[in-house]
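The values are calculated or read from the model by the stated rules, or taken from the named source; none is laboratory data. Nothing here was measured: the structure is a model prediction, and the numbers come from that model. Please note: Cβ atoms are built from the backbone with ideal geometry, for glycine as well, and neighbour counts cover all protein chains shown. For the accessible areas, the whole protein counts, side chains as well, though only heavy atoms, and no ligand, DNA or RNA atoms are used. Shrake-Rupley method; radii C 1.70, N 1.55, O 1.52, S 1.80 Å.
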Amino acid sequence: MIQLTTAATLTNAITKARTVKPLVRVNRFGSYTVTNKATGATYTVECAKRDGKRFASCTCTAGTRGTACYHVAAAVSAHIQLAAERAALNF
Ligand SMILES: [Zn+2]
């Protein structure tokens, strides 16, 4: 699990995500499938909130070691957007 504190935690991962531009698919709110379109590598990212703290996990090698990978950066971006839409729609 990677604790998400500030955007700085994900700076390198965000930079890589902007370069790789992975495909993010929503499995359900909080669960995303992230695919590197060039290699076909696919990983699952889970986002969760516990005790007011935000966490994410990824099934890739870096992610399972607790490193903030670009899959997490890409999925968190989608998650934040989805959460904002849900809040706006009030459900
Ligand atoms: Zn990953």
| said: Among the residues of region 60-84, what is the count of those that are open to solvent by less than 60 Å² (accessible area, probe 1.4 Å) and near the ligand (Cβ under 10 Å from one of its atoms)? | reply: 11
| Hits in region 36-59 - residues which are crowded, with 17+ Cβ neighbours inside 10 Å and more than 20 Å from residue 83 (Cα to Cα) | 36, 43
